[in-house]
Amino acid sequence: MTACMGSQSFYPSLSQASGGGSIVKFSNCVCMVAAALAMMLVVAASEEISMTADQALKNLMDGNARFVSGQAIRPNQGSDRLAEVVGGQHPFAVLVGCSDSRIPPEIIFDQGIGDIFVIRTAGQVIDDVALGSIEYAVEHLGVKLVMVLGHDSCGAVKATVDGGEAPGHIGSLVKSISPAVEAARSDGNLSVLDQAIDINVRNIVEQIKGSGPILSHEVADGKIGVVGARYNLSSGAVHLVD
Ligand SMILES: [Zn+2]
């Protein structure tokens with residue numbers, strides 16, 4: 001699981017400028033420029049935080065379209081971005097995805113440093129720790145969109161479909177995915193694996209929406225959106241799972 005939580009301050013540069021002893025050696029002009037730059041960062045951060053769920057979803061899907069078409073712009077990946085985010089993070093979306101090494105979120109959505117808050121486990125299954133990470137992003141970072149991203153040929157789902165022994169902690173993954181596989185076996189025309197992949201995404205979306213007291217409350221109030229999606233390993237395209 002990856003869920004790096006940086007310190008949050010809207011005024012990192014301002015607080016440093018007023019409290020740092022070495023800063024007094026700077027000229028007033030330099031201080032004013034530093035303050036102005038800090039304010040610019042504050043404005044930028046506020047703009048990111050105010051992004052609605054719909055805007056965030058469009059941002060992700062537009063980025064995926066660029067990736068698929070070979071027109072990725074690879075934003076926010078330079079040293080200037082490091083300077084922008086050193087004082088705090090303001091991601092516009094939470095991505096709950098599979099740990100599968102073929103699906104790196106920042107690449108397939110054409111995003112950069114500080115853009116998406118990522119939680120990855122095999123089969124993108126979630127537990128209390130993952131839910132706590134999502135809650136942190138929603139409550140403390142102001143993120144309005146949570147996307148659950150499954151994918152074709154998911155090894156974790158396939159292992160659950162195939163059955164057999166699940167040694168060590170792998171059994172926990174199988175246990176989490178089993179309801180989706182059981183539902184898929186009694187349904188539909190597609191293969192059990194294909195069905196189970198989508199059902200597993202839907203189950204996790206519902207798990208997040210129903211997680212009290214924080215996330216269920218945010219969903220009920222319409223303050224955050226939770227969507228399911230699926231990644232195609234061949235094309236690189238992401239489509240929403242209803
Ligand atoms: Zn997978």
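Reachable lysines from K144, Cα under 29 Å, same-chain residues fewer than 8 places away excluded? Qualifying lysines at Cα under 29 Å: K58, K209, K223.
Using the count of nearby Cβ atoms within 10 Å as a rough guide to exposure, how do E165, E218, E206 rank from fewest to most?
On the way: E165 7, E218 20, E206 13.
With the sparsest Cβ surroundings first, the list reads E165, E206, E218.
Treating r as the C-beta distance of S79 and L240 and R0 as 30 Å, the FRET efficiency rounds to 0.30. A simple spin-label model places the labels of S216 and I113 4.0 nm from each other, with each point 7 Å out along Cα-to-Cβ. Using the Cα gyration tensor of the range 102-242, with a ≥ b ≥ c the square roots of its eigenvalues, what is the shape: rounded (a/c below 1.5), prolate (a/b larger than b/c) or oblate (neither)? In terms of gyration-tensor shape, prolate. By the count of neighbouring beta-carbon atoms within 10 Å, fewest first, S133, S101 end up ordered S101, S133.
When R120, R185, R81 are sorted by how many other C-beta atoms sit within 10 angstrom of their C-beta, beginning with the fewest, the order is R185, R81, R120.
Between V129 and K175, full extension at 0.36 nm per residue minus the direct alpha carbon distance yields a gain of 14.9 nm.
A short reminder: the numbers here are calculations on the coordinates, not readings from a lab. A quick note: this is a predicted structure, and the numbers were derived from the prediction, not measured. Backbone-built Cβ (ideal geometry, glycine too); neighbour counts: all protein chains shown.
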